[in-house]
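All of the numbers you see were taken from the coordinates with simple rules; none came from a lab. All values derive from a computational prediction rather than experimental measurement. All Cβ positions, even for glycine, are placed from backbone atoms using ideal geometry, and neighbour counts span all protein chains on display.
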Amino acid sequence: MTALDPGRDGVPAGGGRGPGLPEPALKAAWAAVVWGLPAVVILAPLAAFLVYAFWYTDGPQVVRDFTLRNFVTFVENDSYTRVFLKTLGLAVQVMLVNLALGYAVAYQLWRMPARWRYTLVLALAVPLLMSYIIKIYAMRGVLGTNGIINATLVFLGVIEEPLGVFLFNLTAVRITLSVVLLPFMALPIFVALEKIPATLLQASDDLGATRWQTFRNVVLPLSLPGATIGAMFTFVLAVGDFLAPELVGGVQGFTYGRLVFSQFGMAFNWPFGAALSVVLLGVALVVIVVAARAGSPKWQRP
Amino acid sequence: MTDVAIDPGAGATPDEVSAPGPEAGILLRIEGVSKDYGPVRVLDDIDLDVRNGEFITILGPSGSGKTTLLRLIGGFTDLTEGRIVFDGADIAGVPINRRPFNTVFQDYALFPHMTVVRNVGYGLMVRGVSKRDTERRAAAALETVGLTGFGERYPAQLSGGQKQRVALARALICEPRLILLDEPLAALDAALRRQMQQFLKALQRRTGITFLFVTHDQEEAITMSDRVCVMDDGRIEQLGTPEALYYRPRTHFVATFFGDNNLIDSGRVVAAGPGAGSVDTPLGRLAVAADALGPFSEGDPVVVAVRPESIGLEAGEGEAAVGDDGRNRVAVDLETVEFVGPVTQVMARVRAAPDIRLEIKVPSRAGGAPVAPGDSAVALFEPAACALLAGHR
């Protein structure tokens, strides 16, 4: 009220909200901040990359002429496409392993008594707050020659000397990504399981289903949307990751993410790096669209 | 029922246990069942027999334990004490999926990812019945509930009433001998609820399956059931036909649970013969029917309950006495006369005991009520209209 008629009832002008802009203008200004800021901070750099991808370098110089040569180079060069396909395969493997692991974890959590359940879910989410690098170094500690795995095997007498085979190869990348990305898989599945009304399980029970039949016919189909979202997360994060392969992958673990990184770093070929990023973005978008469709099956739509 | 107030004679059914007759078998027997949640006793020593083929309703306010009782029978919770015997066998250790009855849940509990026909056929599918047989019987069950042609829809595409019917069909298809219904109409709007009440009642008659229905809605219980079991605070207050509960309440709770009631305090039984009895009250000596006396004998303190619509009015002065026609007559002064549609509601002060007011409902008639505030009148009611409750409430 004071904004509309500031002087009235002895309220001094500027005492309330003040004689500022009229309501609609305020709203518009607010909307500009809310929508504009992310647009500038997130979309503008992305757009810049998109533009970069269609330029090229001449020596150290970036030539600002439109060209498709970056994409042609990528498609025609065997070593690039091989890394690309290898990385897609790696991401699919990580996704599948995590699907099994994440589902098992989420299901166990869901079956816990309520007083344990949320504490443990929180524990599962805590690593998300930790630095990514620390998590990877922690995995190096597990997989390395002085790591837990080697120490255990030596202690058990399975091997005499610590083995180097657990680190600096593609398997190390697989294991590290699976562990680090597990929360992204388990949490959406857990949420989907939590959303299943208890009466549905009781109804299934009541109608004569065994526990396995209830799982197979009710729990599993109703948790699939969550599993789809989790699979999407882990795939997209795994396919573009460069830090884990960099730190535990060695030469064998040279992935697409590292390839992109190297173009910006060592090679200093930003246009080619941007083009490779655009390809990655395209893969991610396709996966997200597919997952979004699969994640909302037709029975959910009225 | 419409002329009860003018000539309150018919209406009261003396017999508490009338419905399917004594030869009808007991399908489900609940013996001394108690249930504790931690230190809280939510069910206390419940005894209840459910007869084969009846529509029995467990009625109570929220927190009365009615849903807990249903969940115990359904096998969703374990009992603390007592036995539940189905068809002669104790079912304490029988898991839910082996119990020979089915539940209709309050929120319908339809599987959202299955079509209607798959929902309905679920009980047969998990038993390994062939796909063709399942579909045929599911179609038949859908026909029974009037949903032919809805088989390929998903639950999200159905209205509340349709979902309820699917839930019923899903329970019916297993051919249970008993169906447990947990407030199945609570989520429906008033008009649809009335329609579903009639539908449920008709379905129960047609199939002959015993229905054990749980609700907090008095009207629903009265209009649908053969017998009603009123619960409060974890105990059974009274079990009987709807008429018996309405006209022969045994407790204060039941007397005031179904509609309005005049409770006349500090009465004392003065005669309890086999033919009829009489009770001294502040209104004077009232004649009561023999069946209302129930467990009371001479000298017992009682409260007399009379329904407002069981009381008639006669203009003019009168003595408090039992009239020549056997009706109780109480001299009153009218305080308010209020037209409320089909009935006219009168508040009358008892002349012999001015601190007692009687609520009286007489049928309205065109041309206005024949009585007005300030009039003297005589309130009339049959001995059979009086129910007796234990005194000092």
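Checking each residue in the range B:190-210 for being hydrophobic (A, V, I, L, M, F, W, C) and not in a helix (DSSP H, G or I) picks out only B:ILE209. Residues in the range B:65-100 that are more than 11 Å from chain A (Cβ to nearest Cβ), free of Cβ contacts under 8 Å to residues at least 40 places away in the same chain and more than 19 Å from B:ASP44 (Cβ to Cβ): B:GLY88, B:ALA89, B:ASP90, B:ILE91, B:GLY93, B:VAL94.
Restricting the search to helices (runs of 4 or more DSSP H) fully inside the range A:66-158 and requiring at least 2 residues that are under 21 Å from A:GLY230 (Cα atoms) and among the hydroxyl-bearing types (Ser, Thr, Tyr) gives A:78-111, A:114-125.
Residues in the range B:134-164 that are surrounded by 19 or more Cβ atoms within 10 Å (Cβ to Cβ), within 13 Å of chain A (Cβ to nearest Cβ) and over 33 Å from the mean Cα position of the chain (by Cα): B:THR134, B:TYR154. Across the range A:159-172, the qualifying residues are those that are free of Cβ contacts under 8 Å to residues at least 40 places away in the same chain and assigned to a loop (DSSP other than H, G, I, E, B), and the one among them that is surrounded by the most Cβ atoms within 10 Å (Cβ to Cβ) is A:PHE166. For the range B:343-355, the set of residues classified as assigned to a loop (DSSP other than H, G, I, E, B) and surrounded by fewer than 18 Cβ atoms within 10 Å (Cβ to Cβ) consists of B:ALA352, B:ALA353, B:PRO354, B:ASP355, listed by residue number.
Of everything listed in (1) in a loop (DSSP other than H, G, I, E, B); (2) out of contact with any Gly (no Cβ under 6 Å at 6 or more places or on another chain); (3) more than 14 Å from chain A (Cβ to nearest Cβ), the single unmet condition for B:GLU175 is (3).
Okay, residues lined up against (1) free of Cβ contacts under 8 Å to residues at least 40 places away in the same chain; (2) within 12 Å of another protein chain (Cβ to nearest Cβ); (3) closer than 26 Å to B:ASP87 by Cβ:
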{"residue": "B:ASN102", "(1), (2), (3)": "no, yes, yes"}
{"residue": "B:MET125", "(1), (2), (3)": "yes, yes, yes"}
{"residue": "B:LEU180", "(1), (2), (3)": "no, yes, yes"}
{"residue": "B:LEU185", "(1), (2), (3)": "yes, no, no"}
{"residue": "B:ALA190", "(1), (2), (3)": "yes, no, no"}
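One residue stands out among those in the range B:182-217 that are touching a helix residue (DSSP H, G or I) at 6+ places or on another chain (Cβ under 6 Å) and polar (S, T, N, Q): the one that is surrounded by the fewest Cβ atoms within 10 Å (Cβ to Cβ), which is B:GLN197. When the residues of the range B:104-117 are filtered to those that are farther than 27 Å from B:LEU72 by Cα and within 35 Å of the chain's Cα centre (by Cα), the one that is nearest to the other protein chains (Cβ to nearest Cβ) is B:VAL116. Each residue in the range B:69-109 was checked for being β-branched (Val, Ile, Thr) and under 18 Å from A:LEU201 (Cα atoms), and 6 of them qualify.
When the residues of the range A:266-302 are filtered to those that are within 14 Å of chain B (Cβ to nearest Cβ) and of a type outside the set (D, E, K, R), the one that is surrounded by the most Cβ atoms within 10 Å (Cβ to Cβ) is A:GLY295. Whenever a residue of the range A:77-103 is touching a residue at least 60 places away in the same chain (Cβ under 8 Å), its partners that are of a type in the set (Lys, Arg) and surrounded by 16 or more Cβ atoms within 10 Å (Cβ to Cβ), lying with C-beta atoms within less than 7 angstrom and at least six residues away or across chains, give the pairs A:LEU90/A:ARG174; A:GLN93/A:ARG174; A:VAL94/A:ARG174.
A quick yes/no check of all residues on (1) in contact with a strand residue (DSSP E or B) (Cβ under 6 Å, 6 or more places away or on another chain); (2) among the polar types (S, T, N, Q):
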residue: B:ALA244; (1), (2): no, no
residue: B:HIS252; (1), (2): yes, no
residue: B:ALA255; (1), (2): yes, no
residue: B:ASN261; (1), (2): yes, yes
residue: B:ARG268; (1), (2): yes, no
residue: B:ARG285; (1), (2): yes, no
residue: B:ALA290; (1), (2): yes, no
residue: B:PRO295; (1), (2): no, no
residue: B:GLY299; (1), (2): no, no
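Taking the range A:199-242 as the search range and keeping residues that are more than 11 Å from chain B (Cβ to nearest Cβ) and of a type in the set (Ser, Thr, Tyr), which one is surrounded by the fewest Cβ atoms within 10 Å (Cβ to Cβ)? Filtering the range A:199-242 for residues that are more than 11 Å from chain B (Cβ to nearest Cβ) and of a type in the set (Ser, Thr, Tyr), the one surrounded by the fewest Cβ atoms within 10 Å (Cβ to Cβ) comes out as A:THR228. Scanning the range A:173-198 for residues that are away from chain B (no Cβ under 13 Å), closer than 30 Å to B:ARG71 by Cα and crowded, with 21+ Cβ neighbours inside 10 Å yields A:ILE189, A:PHE190. Those helices (runs of 4 or more DSSP H) of the range A:199-302 in which at least 2 residues are in contact with a Phe, Trp or Tyr (Cβ under 6 Å, 6 or more places away or on another chain) and under 25 Å from A:LEU85 (Cα atoms), considering only elements entirely within it, cover A:220-240, A:256-264, A:270-295.
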